[in-house]
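Comments concern the structure below.
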């Protein structure tokens with residue numbers, strides 16, 4: 001059985017830096033994904049917040065093509081200098097891509113992805129013979 005969320009032992013192994021996975025032990029743990037992203041939805045929209053402190057807004061690119069949302073940019077840190085990043089997200093067909101709104105505030109990129117209104121089911125009359 002595969003879990004969507006890490007089990008408590010997996011969280012502990014990640015915290016203390018060990019793993020029972022032979023590939024992780026052999027090659028090391030994968031690098032954390034940047035930027036960290038939080039998603040949620042309501043009846044009318046999907047929401048995405050990306051934590052991107054240190055990213056120059058001039059280098060930030062948010063685009064949609066063929067049902068895929070892409071976040072790209074350059075982050076500058078004292079320790080690592082300039083680092084480019086790119087994250088892609090497959091969007092459901094119900095997203096109205098022409099109406100996506102984006103806002104950058106204090107290192108948090110907020111996106112609102114409106115959903116197309118759902119159609120009420122059409123009742124079909126049944127003729128009785």
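A short reminder: the numbers here are calculations on the coordinates, not readings from a lab. All figures in this text were calculated on a predicted structure; none of them were measured in a lab. Cβ atoms come from the backbone with ideal geometry, glycine included; neighbour counts cover every protein chain shown.
Semi-axes, largest first, in whole Å: what does sqrt of 5 times each Cα gyration tensor eigenvalue give for the range 83-129? If you can, show how the numbers build up before the last one.
Working: eigenvalues 347, 32, 9 Å².
They are 42, 13, 7 Å, listed from largest to smallest.
Put a dot 7 Å past the Cα of residue 94, heading toward its Cβ, do the same for residue 74, and the two dots end up 3.9 nm apart.
Using just the C-alpha positions of the range 27-125 as equal point scatterers, what log10 of I(q)/I(0) does the Debye formula give at each q in 0.12, 0.21 1/Å? Cα-only, vacuum Debye calculation for the range 27-125: -0.47, -1.11. Exposure proxy shown here: for 38, 80, the number of other Cβ atoms within 10 Å sets the order, fewest to most, as 80, 38.
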